[in-house]
Amino acid sequence: MRTQIKILFIIALIFSSSAIAQLTSTQQAAKDRGIMLFNQYKPAETELRVAAEAGDPEAQFYLADELRQKNQRMTAEAQKWYEASASQGDYYSMFKLATTSEDLCTVTSQCPQGSKKPSEWLDLLIKTATPRAMTGDGEAMAVLYNATSDIEWLEKSASSGYAPSQWLLANRYAEGKGTFLLPWKKAKIEEELLKSASEGGYPPAMVEYISILFQRNDLEGARHWWEVAAKTGYQNAVASYGAYLSHTPDKVGYPIDLVKGYALISLLEELDGGGNVQVYVEGKLPKIAEKMTPAQIKEAKKYAIDWKASHPPLSFFPEKLGL
């Protein structure tokens, strides 16, 4: 067992000591913008390619994902970039290569020939993530859960404080996964996980936790978390927070603030690449505007500019391991 552990740590050391490219400020800016566009469901290939070609493994992963999604299947170029990223130890790329059999390319019999079989990538993924997980890395534990479907890894990841895993574990428990000595406490455990994930800054968990608070009529708590979630840039939260502030409708009891509500909804106009957001904006913004004066609308436009400058970019927060 000790020999196996040593081997795993040697593998991790090889990857951690690999020469990962140091990006110039221009390349880093392109990478950051590319990831932002990707998270907004907008074309991001041009920006991501700048950093990917400079050797950045994370940019290579996102570029590969962008190409695969654009073509709706694994392509030779997407596989090339996944492999370039995986060769530098990126286990998200390894996961995508390991799950090629679930890709549309298998249906069309157009899967490109890779340097390894999916089963070999899965084996390498487990060997790469395991030593990191053994040091308490919650993200590595989450990757191992996705690779093995062993819920104990997800539970360990959640216990380590990794917020996305706390959110996912709450959902898995709600689906009937896991065992409980006291089954009637399951709902309470799910709520505690969502609360911890919210406090850990994961916005999808905040929205689900808000639902629980709303059901028990804890409107003060709901108001708090809608604001916190909106400040992360999460599209869902920005849309709801803006609507509730402008009382279109009034669901949680915010004092009406047409200026701020209009500003937040107007920010969503830039999400024209997907998610059906434009339909929402086109239906909501005129309803708020009809209650406002020209001066208020002008003020709202300025508020929107200030908000965008001082908060994270809008995002749909897609999961990196999503297929």
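Some notes on this structure:
- Qualifying positions in the range 291-323 - part of a loop (DSSP other than H, G, I, E, B) and among the aliphatic types (A, V, I, L, M): 292, 314, 321, 323
- Residues that are crowded, with 19+ Cβ neighbours inside 10 Å and either assigned to a helix (DSSP H, G or I) or more than 20 Å from the chain's Cα centre (by Cα) (or both), drawn from the range 156-169: 156, 157, 158, 163, 164, 165, 166, 167, 168, 169
- Filtering the range 68-112 to residues that are modelled with pLDDT of 90 or more, among the basic types (Lys, Arg) and over 16 Å from residue 143 (Cα atoms) leaves 68, 70, 80.
- Within the range 179-201, residues that are free of Cβ contacts under 8 Å to residues at least 24 places away in the same chain reach partners that are part of a helix (DSSP H, G or I) and charged (D, E, K, R) with beta carbons closer than 6 Å, at six or more positions or on different chains, in the pairs 180/186.
- Residue 271 vs. criteria closer than 22 Å to residue 222 by Cα, in contact (Cβ under 8 Å) with a residue 12 or more places away in the chain and surrounded by 20 or more Cβ atoms within 10 Å (Cβ to Cβ): no
- Within the range 163-192, tally of residues that are closer than 23 Å to residue 315 by Cα and of a type outside the set (Phe, Trp, Tyr): 8
- Residue 33 within 19 Å of the chain's Cα centre (by Cα), closer than 26 Å to residue 277 by Cβ and surrounded by fewer than 18 Cβ atoms within 10 Å (Cβ to Cβ): yes
- The range 195-257 holds helices (runs of 4 or more DSSP H) entirely within its bounds, and those carrying 3 or more residues that are touching a Leu at 6+ places or on another chain (Cβ under 6 Å) and either among the hydroxyl-bearing types (Ser, Thr, Tyr) or buried (at least 16 other Cβ atoms within 10 Å of the Cβ) (or both) map to 203-215, 235-245.
- Filter pass, residue 187 being closer than 22 Å to residue 133 by Cα and either outside the structural domain of residue 36 (by TED's automatic domain parsing) or more than 16 Å from the chain's Cα centre (by Cα) (or both): no
- From 149, 109, 115, 93, residue being crowded, with 18+ Cβ neighbours inside 10 Å, within 30 Å of residue 76 (Cβ to Cβ) and not assigned by TED's automatic domain parsing to the domain that holds residue 189: 93
The values are calculated or read from the model by the stated rules, or taken from the named source; none is laboratory data. Because the structure is predicted, anything quoted here is derived from the model rather than measured. Backbone-built Cβ (ideal geometry, glycine too); neighbour counts: all protein chains shown.
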